[in-house]
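Some notes on the structure that comes next.
Computed from the coordinates by the stated procedures, all read-outs in this text should not be read as laboratory data. This one's a predicted model, so the numbers in the text were calculated from it and none came from an experiment. Because the Cβ atoms are built from the backbone with ideal geometry, glycine has one as well, and the counts that use them run over all protein chains shown.
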Amino acid sequence: MTLGTFSTQDITNLSTEELTEHIANGTVNFIIHGLVAISPETFNAFKEEYGIGLISGSCVVDPISYEVAQNNNKKLAAYLTSLYGNDWKNKLPAQPFGL
């Protein structure tokens with residue numbers, strides 16, 4: 001599925017085991033739309049610790065992309081919270097959609 005100028009997969013129906021595998025492979029990302037004043041390097045520490053990267057899309061967001069981004073980010077947030085409580089949120093350098 002394409003969001004803006006990048007592609008992502010729908011992770012909302014993945015089981016916990018499948019999501020864990022994708023995270024271990026570094027193939028899932030939080031999605032942020034809009035002007036974000038962080039460099040990719042800033043997010044690397046978070047990705048190294050938790051295995052989840054960041055995709056930044058354009059400011060203009062159609063309703064379908066917005067919903068996909070929210071669902072994606074909520075699924076990742078629920079996964080991280082189940083493992084780490086809320087501590088991981090303090091290490092996020094930017095606020096993803098829907099959180």
Problem - Linear extension gain, Tyr66 paired with Thr20, 0.36 nm per residue minus alpha-carbon span - result: 14.2 nm
Practice task
Please work out whether the range 41-93 counts as rounded, prolate or oblate from its C-alpha gyration tensor, where a ≥ b ≥ c are the square roots of the eigenvalues and a/c under 1.5 means rounded, while otherwise a/b larger than b/c means prolate and anything else oblate?
Solution key: oblate
Practice task
Net charge near Glu48: determine it from the other residues with C-beta under 13 Å of the C-beta of Glu48, scoring Lys and Arg +1 and Asp and Glu -1.
Solution key: 0
